[in-house]
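Asker: Right, I'll just put the structure down here and ask away after.
Bear in mind these aren't lab numbers, they're just calculated from the coordinates by the rules spelled out. Note that the structure is a prediction, hence the values are computed from the model and not measured. Neighbour counts run over all protein chains shown; Cβ positions are idealised from the backbone, glycine included.
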């Protein structure tokens, strides 16, 4: 019994101690808070905007805070950010004159009071005095994803008078806009040229500027994703397959252009003597048959100039001979419909071709320029029907004197100048 009483007395003492501790804790806690330093300054925060013709945050407005005694030591300045907000800290408690200025808006002035430890909220609506550029619905980006080809944004004037605007952006081959500059409210169409894309993500931006106020501008970010792939077929002499032939051998003279392994391909409707002798060339990229089950977005047949190669043992051709007296030397390209052997080509055994699918190398009398044909439709047909098509047949569009174009072949000594078939595609 004695031990039980001692134990109870000990427990009662512990309980009394805990109650005492709980009672005095708030006293220490309050004393600590009273000892902490109290804020002696305040904050002024707000947004500068206009809502005359539609809500728009105002960027770059000058906000000045000056105490009512006009003491220079208590004058503070700030600029509104892109979203129109401003924040002025370390403001001594006092009454202040607040002014907001911007070259395109009316001057604003008012009074506010700042208290120690408090945040004073003071947003300002300004009335425009000039044209103000804005983008409808506050749009900031265009995301085209993997499949979208065209999106729009609208330029608006939320100010007064006539807005004159312009678009500024880095030139990119993979997107275009329908209008570069104008007046008033206009819908801008951004179009993605997906055949110019390779696999990956593409980003750019279009800046819309007020032509009379360069600082008045908005930016549209462009985001595009692509799964496009690229293949370049550019065979050399060993694996290349191209040939040329003169169709009327009666007027043929002993020059190197009739050999099937010539370093150049000649398309012409005349000879050195001026006698009408049509010359054609044929070429096949045998590696094309390895490309199956794809959608061709863009296919280009690309040739380099071969005028310096055509007379290996003779004098170089003159500009007139190369360019055909500056006449229309457009080349028409047809798909070849039967198999052929490079060594056996001459004017009497050319492979047959189809006129259902055609392409062309546009008129080009500049011997330094690339000669490029858009063969997208033709290449898609060749890939879909590999047993039916066997290369490209090239001939002059106009069957008349003084037309010619000279192209480097896959036998040319410089590999960089060999013919190329460049294909941008998507897997089906």
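Asker: When a footprinting reagent is the concern and you count Cβ atoms within 10 Å, what order do 305, 387, 328 take, fewest first? Write down the numbers at each step before the final one.
Answerer: Values: 305 20, 387 7, 328 13.
Least crowded to most crowded, the residues run 387, 328, 305.
Asker: In Å and whole numbers, how far do the C-alpha atoms of region 133-227 stretch along each principal axis, longest first?
Answerer: Principal-axis extents of region 133-227 (Cα, largest first): 46, 24, 20 Å.
Asker: Same structure again: Just to confirm my numbers, what's the Cα centroid distance between region 75-113 and region 400-428 in Å?
Answerer: One Cα centre to the other: 67 Å.
Asker: A follow-up question, please. Pairs of alpha-carbon atoms within less than 8 angstrom and 6+ residues apart define the contacts here; what relative contact order does region 42-125 have, in percent?
Answerer: Details: 198 pairs, mean separation 33.0, N = 84.
Dividing the mean separation by the residue count of region 42-125 yields 39 percent.
Asker: I want to verify the translational diffusion coefficient of region 42-125 in µm²/s; compute it with Stokes-Einstein, Rh as the Kirkwood radius over Cα pairs, at 25 °C and 0.890 mPa s.
Answerer: Numbers: Rh = 12.9 Å.
In µm²/s, the coefficient rounds to 190.
Asker: Also, quick follow-up: Restricting to Cα atoms and excluding each atom paired with itself, what does the Kirkwood estimate give for region 99-149 in Å? Working shown, then result.
Answerer: Working: mean 1/r = 0.0652 Å⁻¹.
When all Cα pairs of region 99-149 are included, the Kirkwood radius is 15.3 Å.
Asker: Which translational diffusion coefficient, to the nearest whole µm²/s, is obtained for region 321-428 from the Stokes-Einstein equation, given a Kirkwood hydrodynamic radius over C-alpha pairs, 25 °C and 0.890 mPa s? Don't jump to the answer; show the numbers that get you there.
Answerer: Numbers: Rh = 15.5 Å.
In µm²/s, the coefficient is 158.
Asker: What share of the DSSP beta bridges in region 26-166 is antiparallel, in percent to the nearest 5?
Answerer: Numbers: 29 of 34 bridges.
Once the DSSP bridges in region 26-166 are tallied, antiparallel ones form about 85 percent.
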